[in-house]
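K.L.:
Sharing a structure below in structure tokens format, with a few things to ask.
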Amino acid sequence: STPANSLAYNAQVTGIGTNKGIHIVADTPIVVYAHILNSARSGSTLVLPTKVLGREYYVSSYASNPGNNSKSEFAVVATEDNTQVEITPKQADANNTYPANTPFQVTLNKGDVFQFQSANQGDLTGTFIKSIATANAPCKPIAVFAGSTWTAMGCASGSSGDNLYQQLFPLVSWGQFYITAPLKLGSYDIFRVMVKDPATVVTVNGTPLPLGSLINNSYYEFNTIGNNTPRIITSDKPICVAQYLVSQNCDGVNSDPEMILLNPI
């Protein structure tokens with residue numbers, strides 16, 4: 001294990017943290033989780049092994065309610081030297097270095113971390129990140145983590161919040177069949193369905209979602225207010241599904257916001 005600073009405490013808003021990644025190696029198979037914990041704030045994620053990392057990712061995050069100081073964010077970690085990464089952000093970064101919807105490139109070495117944070121209340125969901133080939137090397141696998149510094153969501157009066165923190169699944173691992181379960185009866189959850197192709201047909205319990213309800217050409221969103229039952233989500237092309245817990249005073253459940261990426265069947 002290589003000592004390093006936590007991504008959550010990387011002071012820079014947007015930029016490269018040289019050798020800030022944490023490399024864990026074991027002589028027998030292991031499972032790794034990462035947990036951010038500070039005072040009343042916490043978030044955790046399963047950490048994927050390097051052999052299943054991909055080269056293309058779409059960011060899942062969430063914007064905070066207006067008036068809350070929150071930055072949507074992601075971090076790209078290189079597993080090999082001279083890794084060229086192209087990013088097309090859905091929002092400009094808080095430093096106004098990279099404008100929205102304009103591709104830019106960064107070069108990372110093994111263990112380097114590129115962090116990108118939006119301006120306050122921005123939502124980076126739908127940002128496209130890919131490793132690209134150079135004249136001297138093919139595209140290389142990368143890891144991508146995403147979330148927010150602090151988020152309150154679920155209703156206009158939502159004020160209780162928490163950070164969001166998940167390692168993203170690469171595009172090659174997306175699926176076409178998902179089964180969801182409510183996180184707690186009596187509450188409600190928010191779901192986002194990410195698509196690569198805007199023409200993807202997505203159904204929830206057999207009913208197609210209207211193509212006109214696609215947000216930013218990137219994702220559908222629906223919630224389970226009034227009908228918090230299991231949902232079956234299917235599609236004709238690969239999709240990614242994220243499930244969100246809402247703020248405590250939006251559903252009366254004693255818990256903070258959270259983002260969970262669901263596994264396809």
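The values are calculated or read from the model by the stated rules, or taken from the named source; none is laboratory data. This one's a predicted model, so the numbers in the text were calculated from it and none came from an experiment. Virtual Cβ from ideal backbone geometry, glycine too; neighbours counted across all protein chains shown. To get the accessible areas, we keep the full protein, side chains included, count just its heavy atoms, and leave off ligands, DNA and RNA. Shrake-Rupley method; radii C 1.70, N 1.55, O 1.52, S 1.80 Å.
K.L.:
Is it the case that F145 is outside any loop (DSSP other than H, G, I, E, B) and either touching an Asp or Glu at 6+ places or on another chain (Cβ under 7 Å) or closer than 24 Å to S131 by Cα (or both)?
P.N.:
Details: outside any loop (DSSP other than H, G, I, E, B): yes; either touching an Asp or Glu at 6+ places or on another chain (Cβ under 7 Å) or closer than 24 Å to S131 by Cα (or both): yes.
Yes: the conditions hold for F145.
K.L.:
When the residues of the range 33-45 are narrowed to those that are surrounded by 13 or more Cβ atoms within 10 Å (Cβ to Cβ) and modelled with pLDDT of 90 or more, which ends up farthest from A156 (Cα to Cα)? Steps first, answer last, please.
P.N.:
Initially, the range 33-45 is screened for residues surrounded by 13 or more Cβ atoms within 10 Å (Cβ to Cβ), giving 34, 36, 41-45.
With the extra rule that they be modelled with pLDDT of 90 or more, the set shrinks to 34, 44-45.
Details: A34: 31, S44: 26, T45: 28 Å.
Only one residue tops the list, namely A34.
K.L.:
Continuing with this model, one more query. List pairs: first residue in the range 28-48 and more than 18 Å from L168 (Cα to Cα), second residue surrounded by 11 or more Cβ atoms within 10 Å (Cβ to Cβ) and at pLDDT below 95 anywhere in the structure, Cβ distance under 6 angstrom, at least six positions apart or on different chains.
P.N.:
If the second residue must be surrounded by 11 or more Cβ atoms within 10 Å (Cβ to Cβ) and at pLDDT below 95, the pairs left are R41/D162; R41/N163.
K.L.:
Give me the pairs: first residue in the range 159-172 and among the charged types (D, E, K, R), second residue crowded, with 24+ Cβ neighbours inside 10 Å, beta-carbon distance under 6 Å, and six or more apart or on different chains, which are they?
P.N.:
Sorted first by the residue in the range 159-172, then by its partner, the pairs are D162/P257.
K.L.:
While we're here: Suppose we filter the range 251-265 for residues that are open to solvent by 30 Å² or more (accessible area, probe 1.4 Å) and not charged (D, E, K, R); how many remain?
P.N.:
Residues of the range 251-265 that are open to solvent by 30 Å² or more (accessible area, probe 1.4 Å), as a first pass: 251-252, 254-256, 258, 260, 263-265.
If we keep only those that are not charged (D, E, K, R) too, we end up with 252, 254-255, 260, 263-265.
Final tally of qualifying residues: 7.
K.L.:
A follow-up question, please. Answer yes or no as to whether S157 is surrounded by fewer than 22 Cβ atoms within 10 Å (Cβ to Cβ) and modelled with pLDDT of 95 or more. It would help to see each step written out before you state the result.
P.N.:
Details: surrounded by fewer than 22 Cβ atoms within 10 Å (Cβ to Cβ): yes; modelled with pLDDT of 95 or more: no.
No; evaluated as a whole, the condition is false for this residue.
K.L.:
Scan the range 69-87 for residues that are farther than 21 Å from G161 by Cα and charged (D, E, K, R) and report the count.
P.N.:
So the count comes out to 3.
K.L.:
Could you list all residues from the range 217-243 that are crowded, with 17+ Cβ neighbours inside 10 Å, within 18 Å of L185 (Cβ to Cβ) and either in contact with a Phe, Trp or Tyr (Cβ under 6 Å, 6 or more places away or on another chain) or free of Cβ contacts under 8 Å to residues at least 40 places away in the same chain (or both)? Walk me through how you get there before you give the answer.
P.N.:
At the first step, the residues of the range 217-243 found to be crowded, with 17+ Cβ neighbours inside 10 Å are 218-220, 224, 228, 231, 233-235, 238-243.
Applying the additional criterion that residues be within 18 Å of L185 (Cβ to Cβ) yields 224, 228, 231, 243.
Selection gives T224, N228, Q243.
K.L.:
Hey, does the range 111-133 have a residue that's over 20 Å from G21 (Cα atoms), of a type outside the set (F, W, Y), open to solvent by 30 Å² or more (accessible area, probe 1.4 Å) and under 15 Å from the mean Cα position of the chain (by Cα)? Give the derivation first.
P.N.:
Step one: list which residues in the range 111-133 are over 20 Å from G21 (Cα atoms), which gives 118-128, 132-133.
Now narrow it down to the ones that are of a type outside the set (F, W, Y): 118-127, 132-133.
Going one step further and asking which of them are open to solvent by 30 Å² or more (accessible area, probe 1.4 Å), we end up with 119-121, 132-133.
Checking which are under 15 Å from the mean Cα position of the chain (by Cα) leaves us with none.
Taking every residue of the range 111-133 in turn, none turns out to be over 20 Å from G21 (Cα atoms), of a type outside the set (F, W, Y), open to solvent by 30 Å² or more (accessible area, probe 1.4 Å) and under 15 Å from the mean Cα position of the chain (by Cα).
K.L.:
Then there is this: Which residues, taken from the range 148-166, are among the small types (G, A, S) and in a strand (DSSP E or B)?
P.N.:
Here is the first cut: in the range 148-166, the ones among the small types (G, A, S) are 148, 152, 154, 156-161.
The one that is among the small types (G, A, S) and in a strand (DSSP E or B): S148.
K.L.:
Can you report the number of residues in the range 171-207 which are assigned to a strand (DSSP E or B), in contact with a strand residue (DSSP E or B) (Cβ under 7 Å, 6 or more places away or on another chain) and open to solvent by 60 Å² or more (accessible area, probe 1.4 Å)? Before the answer, list the steps.
P.N.:
The initial filter retains those residues of the range 171-207 that are assigned to a strand (DSSP E or B), namely 175-179, 189-195, 202-204, 207.
Within this subset, residues satisfying the condition of being in contact with a strand residue (DSSP E or B) (Cβ under 7 Å, 6 or more places away or on another chain) are 175-179, 189-195, 202-204.
Restricting the remaining residues to those that are open to solvent by 60 Å² or more (accessible area, probe 1.4 Å) gives 176-177, 179.
Number of matching residues: 3.
K.L.:
What single numbered condition from (1) surrounded by fewer than 21 Cβ atoms within 10 Å (Cβ to Cβ); (2) at pLDDT 95 or above fails to hold for A78?
P.N.:
Result: A78 passes all but (1).
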